[in-house]
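First the structure, in the form of structure tokens, and then the observations on it.
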Amino acid sequence: MKLETAGEKENKIMHRRELLYKVVDSKVTPSRKELKEKIAAMANAKQETVVIESIEHSFGERDSVVKVHVYDSVESLKKIVPKYLVTRDTGKKKGEAEAKPAEKKEAEEKPAAEKPAKKEKPAEEKKEADK
């Protein structure tokens, strides 16, 4: 995967840099995690302050366009960026970051134990219900 800088803009009001990169000759669309690591290194920024806005890939082409915002600080990022963008870039599923492995096991065991067995109606009641 090769990254080329396609554009850069300083947005002082939002406390960020808006970057545009072009991924050249990539056989597959690169993962957000991979891109975030490379872009943070290229932009001389911490990975926590990098947010990938979008990855645009056209069918049949090997190039992708990546829109990225690099914030001045984690505080400004938390104030401005919606939570779904931050969680999408971390690669964790919804609720995965919150639940601990021990809690997951307990949560899986509880529903199976708490399910009541289905009670069948006597044959006489079934016949009456069908009439």
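Please treat every number below as a calculation from the coordinates, not as lab data. The model shown is predicted, which means the values in this text are computed figures rather than measured ones. Please note: Cβ atoms are built from the backbone with ideal geometry, for glycine as well, and neighbour counts cover all protein chains shown.
Whole-Hz Karplus values for region 61-69 come out as 9, 9, 9, 10, 10, 10, 9, 10, 10 Hz, taken residue by residue from phi with 6.51 cos²θ - 1.76 cosθ + 1.60 and θ = phi - 60°; glycine and proline positions read x. Sorted fewest first by neighbouring Cβ atoms within 10 angstrom, Asp89, Asp72 come out as Asp72, Asp89. Averaged over residues, the count of other Cβ atoms within 10 Å places the peptides 76-87, 2-13 in the sequence 76-87, 2-13, highest first.
Quick one: length gained pulling Val24 to Val86 fully straight, 0.36 nm per residue minus the C-alpha distance?
Working: separation 62, 0.36 × 62 = 22.32 nm, distance 2.53 nm.
In short, 19.8 nm is gained.
Region 36-50 and region 9-28 have Cα centres spaced 11 Å apart. Can you check what the net charge comes to around Asp63, using other residues whose Cβ is under 15 Å from the Cβ of Asp63 (Lys, Arg +1; Asp, Glu -1)? Neighbour charge sum, excluding Asp63 itself: +1.
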